[in-house]
Amino acid sequence: MAQSLNLFISTSHSPKPLISHPSPRFCSSISKFSFAKSPNKSSFCIRASDNGAGGVVSSTVQDHSPYPVAVSDSSSIEVDSVTEAELKENGFRSTRRTKLICTIGPATCAAEQLEALAVGGMNVARINMCHGTREWHREVIQRVRRLNEEKGYAVAIMMDTEGSEIHMGDLGGSSSAKAEDGEVWTFSVRAFDSALPEHTINVNYEGFAEDVKVGDELLVDGGMVRFEVIEKIGPDVKCLCTDPGLLLPRANLTFWRDGSLVRERNAMLPTISSKDWLDIDFGIAEGVDFIAISFVKSAEVIKHLRSYIKARARDSDISVIAKIESIDSLKNLEEIILASDGAMVARGDLGAQIPLEQVPSEQQKIVQVCRQLNKPVIVASQLLESMIEYPTPTRAEVADVSEAVRQRADALMLSGESAMGQFPEKALTVLRSVSLRIEKWWREEKRHEAMELPGIASSYADSISEEICNSAAKMANNLKVDAIFVYTKSGHMASLLSRCRPDCPIFAFTTTTSVRRRLNLQWGLIPFRLSFSDDMENNLNKTFSLLKARGMIKSGDLVISVSDMLQSIQVMNVP
């Protein structure tokens, strides 16, 4: 069945490349290659055989990134047990491409609850440093790590910093409080020696009473509850509840005057507070996979944090996620995303700083920019807010989740729904089932979006990797292959394939546990840990043998294989 293709491009010995004509079957499957000239590279070769093994496309450029080699048994393979069961039962096309993040809180911190979330499809566990002690978070991290080791999961851990924006206190230890219409509440900066008086809320910003004015509108948690300032008495601000709702500990506060956000004081506050730096040290020491930074205003903050992490933990593989949740974030969007390892669309706080009707278009823009720049993007906040109290979401919430999946966001995140809601597992089930249904509909309708993916390579070798991945994804769609296999030590080539959003799942084989967990955030990637060499034939034979033994693939399945060690493409049937 294999077709023959021979293509040789010389960049140093001939003014014109010598190109033989490819077989017709593969013409429509391989896109045009375009490479920048490089004095260090003399040739690029593409070849395919008809010896029954399938087509081969390869280059001579190698990846020499100094990533550590795993010490696991060279004859074993590690894969998420839930994914393995899905593949055995329903086949390649059944796998979910959109990743799911759950915020861990009192409702989900026990070992059995964490396992239930992992079984339900949780790819990343988020710990929110706004709540709980570091010791509490350490215990959660240890439970997730133990779950991964004992049950074969690859759940990554994301630590979310508090940020230095204005927010409420801890509500005197209560998990929540209900503000009713017409009630008068006191927002105070004073320190109370005893329990908080009734209807009193602490505010973390000492200048709060000075900055607000009578008549200002105070929004809690992006507008979930609204108050009007009616009186100022020293450090206390009396406010009338105009939109009732649930008050949660350490919720963000913003205030508006004459229809505009009052942001001068917020702009003066540092992005990373002194508490945040202590939390970041904690995250580095505990080996979290991602650190999400709140209220990022510029790329310089991200660059500073990355250099700090590198200095504190030279062997660390921690990725930095920028939370886009302020006007400043939107103004400097592209430079922030370029400096980061990914972004989060934090719609709750963002919706408190821009008109509500502007949030959907900004979400779509952020998702598109992230994909163009090859950075994973998370859509967060209020996806299934009603499920904090009710077992079934509203139809509008389901439509909202569907739109995020249709936009091809990498991941969806539950916040209060999983942290302190009454139905965390049901909320996760809703995200999972909606994602699967919309993804299936997308494939059935052949809705290959026409998004132009600009070149992002910074070197000649990266240009080759990018072109190979673009072509592999196009070939996978045209040939209707069952899966793409990518062998990657750094994870870079797997992310390039994810960026293309092919129809089939992407099996990402890597040698290190940390890279495997990090890849679990990106769209369409099924990360495996596997020891492999630069010998692609040996790697493929070994992979086929291990996966067939576990019932995850079968003879005759059509796969495309790419590698960032030898930068090659192979098209072949499983023997």
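Listing for the model above:
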quantity	calculated
The chain, helix-only ellipticity at 222 nm - DSSP H runs n ≥ 4, -39,500 (n - 2.57), divided by all residues, nearest 500	-10000 deg cm²/dmol
Area projected by the alpha carbon convex hull of region 371-414, averaged over all directions, nm²	3.1 nm²
The chain: equivalent-ellipsoid semi-axes (sqrt of 5 x gyration tensor eigenvalues, Cα, Å)	47, 24, 21
Acute angle (nearest 10 degrees) that the helix 424-444 long axis makes with the longest principal axis of the chain, alpha-carbon atoms	40 degrees
Of Lys238/Lys297; Lys151/Lys548; Lys99/Lys151; Lys275/Lys426; Lys88/Lys542, those spanning more than 26 Å from alpha-carbon to alpha-carbon	Lys238/Lys297; Lys275/Lys426
Relative contact order of the chain, defined on C-alpha pairs under 8 angstrom at six or more residues apart (%)	18 percent
Sequence of Met420, Met129 when ordered by accessible area, the most exposed leading, probe 1.4 angstrom	Met420, Met129
Exposure of Glu89 as accessible area (Å², to 10), given a probe of 1.4 Å and all protein chains	150 Å²
Whole-number Å³ per residue for the convex hull built on Cα positions in region 211-362	131 Å³
Acute angle (nearest 10 degrees) that the helix 460-479 long axis makes with the longest principal axis of the chain, alpha-carbon atoms	80 degrees
Largest to smallest principal axis extent of the C-alpha atoms in region 446-575, angstrom	40, 32, 25
Nearest-ten-degree value, helix 395-406 long axis tilted from longest Cα axis of the chain	40 degrees
Sorted peptide list for 167-176, 503-512, criterion being average Cβ within 10 angstrom, highest first	503-512, 167-176
Orientation-averaged projected area, Cα convex hull of region 499-575 (nm²)	5.3 nm²
GluC sites (Glu not before Pro) restricted to region 424-529 and DSSP loop, no more than 15 other C-beta within 10 Å	Glu445, Glu449, Glu452
Alpha carbon Rg of region 282-381, scaled by the compact-globule rule 2.2 N^0.38 Å	1.07
Loop-resident sites, region 303-405, for trypsin sites (Lys or Arg not before Pro), counting at most 15 other Cβ within 10 Å (DSSP)	Arg314
Rounded percent of accessible protein surface that carbon and sulfur make up, the chain, 1.4 Å probe	50 percent
Residue-span extension gain [Ser533 to Ala285] - 0.36 nm each, minus C-alpha spacing	86.2 nm
Sequence-separation-based contact order of region 472-575, relative, with Cα cut under 8 Å and 6+ spacing, percent	29 percent
Heavy-atom accessible area per residue - region 372-530, 1.4 Å, Å²	33 Å²
Residue-normalised accessible area of region 221-370, expressed per residue, 1.4 Å probe, Å²	41 Å²
Square roots of 5 times each gyration tensor eigenvalue, C-alpha, region 385-466, largest first, Å	34, 17, 9
Dimensionless Rg over Rh [region 80-171; C-alpha; Kirkwood]	1.06
Karplus-derived HN-Hα couplings along region 196-205 (A = 6.51, B = -1.76, C = 1.60, θ = phi - 60°), whole Hz, x at Gly and Pro	5, x, 4, 6, 10, 10, 6, 10, 7, 9
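The values are calculated or read from the model by the stated rules, or taken from the named source; none is laboratory data. On a predicted model such as this, the values are computed, not experimentally measured, just so you know. Every residue, glycine as well, gets a Cβ built from its backbone with ideal geometry; the counts of neighbours run over all protein chains shown. Protein only, heavy atoms only, side chains kept; ligands, DNA and RNA dropped before computing areas. Shrake-Rupley method; radii C 1.70, N 1.55, O 1.52, S 1.80 Å.
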